[in-house]
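J.: Sharing a structure here in structure tokens format.
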Amino acid sequence: KMCSMILNDCYGQNLDVDPVVIFSMGSKTCGLSRHYKSEMTIQFVEVVPTKPLKKLTQEQIDKLLCNIYDMDAWMKALPPDAFEIHGIVGVNLVDVTKEETLSRLRQHLLKKDALTSRENIEYIQSLLRDYFQLPDLRFGIMAMDYPVNKDRNDNRYGIQHCLIDRWQDCRLADENHQSIYAKAARFGHNVLLENMEWVKAPTQAEKTLMKKGFKSYLVAPLKGKEDRIIGLMEIGAERPFAINSFTELQLHDLMALFHTALERSREETDNRIEAIMRDQFTAIHPSVQWRFIDAAFDIMSQQQKGIINPATPDIAFESVYPMYAQADIVNSSITRNHAIQQDFIKNLQLLEEVLSVANEKLDYPLLEQYLLETRQKLTELEQNLDTSDEHQLMDYILLEVHPVLEEVVRQNAILMEAYRNYTG
């Protein structure tokens with residue numbers, strides 16, 4: 001700021017520099033933090049040179065402005081002992097607690113494990129306490145499907161941070177169909193209890209919450225695609241009316257962040273489980289798919305614990321008599337993968353030949369790049385072929401190389417014979 005003042009007052013520049021500085025102040029009594037943005041007033045300040053001004057050309061000034069963090073260059077161009085600052089600087093601190101907390105929350109929820117680890121949940125809880133200025137606020141979030149999907153195990157998402165311990169599997173049970181959890185899921189909107197002692201017919205859920213010391217509570221449904229319920233979010237406090245209608249209004253600005261974070265986390269888990277199923281099992285009939293999903297979840301859990309070669313759980317259906325039969329060829333997946341691998345190897349070898357001929361006869365940078373990439377992919381393919389490699393290789397050949405190769409051949413007839421040998 002002071003350097004810009006010197007350039008403006010002494011070197012005829014017209015710089016408008018107003019850096020944003022955020023001050024965070026924590027309270028030792030309640031543990032909450034507040035954030036303030038400084039607004040500096042310098043209209044009563046003047047720069048007084050104490051020595052003859054050092055001559056600076058516009059080019060030198062422009063170089064300084066292009067390297068604002070090069071302190072040595074700035075100190076050399078504008079020596080501190082050559083200037084004095086006279087006057088009064090006014091600083092006004094503006095409370096930006098909500099804006100700063102919202103920014104930190106948005107940044108945190110972009111992380112992959114933002115909703116899975118207990119440490120991250122506690123960090124989100126601390127941010128929400130600052131946002132609502134409630135030191136006793138508690139935060140919980142859980143992944144779930146409503147209507148209940150019997151083929152989907154909600155626990156597999158690793159997002160079961162419920163404020164009632166061991167309540168994940170019974171919050172929507174028949175005996176709790178009038179609880180705040182069931183109402184939030186069934187009606188798809190927030191359920192607010194400003195004073196839990198006013199509940200006339202509390203279910204076991206409300207009774208348990210009151211035993212844990214909660215006096216005000218709010219449960220909000222989290223929705224995904226097609227407006228389906230994919231989870232519940234809850235906040236509670238130990239004082240009546242601490243969570244109230246104004247809290248609900250403020251929460252509205254945050255809900256989109258939690259919707260997106262939960263949906264992204266669920267999709268990442270679903271993709272991992274699907275990849276495990278493709279790798280470990282053959283084609284699965286939809287009627288028994290749920291059992292294989294549970295097995296894939298067990299494998300994923302072992303991988304998350306650091307087990308390099310997790311054991312595949314035994315899958316059996318006792319006392320089940322199928323009304324139809326389905327044959328499964330032994331080692332069919334291995335045979336299929338080997339056949340696909342050999343087919344890709346042959347294709348890449350032919351592609352390497354035509355690219356090599358084209359690269360020798362033409363000066364075309366992309367041809368050399370594709371030739372090197374094809375050789376690298378061929379080397380990797382000869383060692384192993386993963387399920388995900390099929391789509392990548394197809395996209396590389398059909399969408400990247402072929403369009404360029406066809407255009408080059410069209411413009412250079414000398415490559416036609418080599419291209420025909422490749423296409424067969």
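J.: Report those helices (runs of 4 or more DSSP H) wholly inside region 373-424 carrying at least 3 residues which are buried (at least 16 other Cβ atoms within 10 Å of the Cβ).
T.: So the answer is 402-411, 416-423.
J.: Using beta carbons and a limit of 8 Å, which pairs, at least six apart or on different chains, have the first residue in region 334-358 and free of Cβ contacts under 8 Å to residues at least 24 places away in the same chain and the second one surrounded by 17 or more Cβ atoms within 10 Å (Cβ to Cβ)?
T.: Final answer for the pair search is SER356/LEU371.
Listed here are the residues, each with its yes/no results for (1) part of a loop (DSSP other than H, G, I, E, B); (2) of a type in the set (A, V, I, L, M, F, W, C); (3) free of Cβ contacts under 8 Å to residues at least 24 places away in the same chain; (4) not assigned by TED's automatic domain parsing to the domain that holds LYS111.
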| site | (1), (2), (3), (4) |
| --- | --- |
| ASP253 | no, no, no, no |
| ALA295 | no, yes, yes, yes |
| PRO310 | yes, no, yes, yes |
| PRO313 | yes, no, yes, yes |
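J.: Output the residues belonging to region 410-424 that are at negative phi and either in contact with a strand residue (DSSP E or B) (Cβ under 8 Å, 6 or more places away or on another chain) or free of Cβ contacts under 8 Å to residues at least 12 places away in the same chain (or both).
T.: Of everything in region 410-424, those that are at negative phi and either in contact with a strand residue (DSSP E or B) (Cβ under 8 Å, 6 or more places away or on another chain) or free of Cβ contacts under 8 Å to residues at least 12 places away in the same chain (or both) turn out to be ARG410, GLN411, ALA413, MET416, GLU417, ARG420, THR423.
J.: So the check is Cβ under 7 Å with 6+ separation or different chains; which pairs have a first residue in region 219-240 that's closer than 14 Å to GLN160 by Cα and a second one that's of a type in the set (Phe, Trp, Tyr) and not in a strand (DSSP E or B)?
T.: Matching pairs, first to second residue: LEU222/PHE258; LEU232/TYR181; MET233/PHE258.
The values are calculated or read from the model by the stated rules, or taken from the named source; none is laboratory data. Treat the numbers as computed from the prediction; the structure is a model and nothing was measured. No Cβ is skipped: glycine too gets one built from the backbone with ideal geometry, and neighbour counts run over all protein chains shown.
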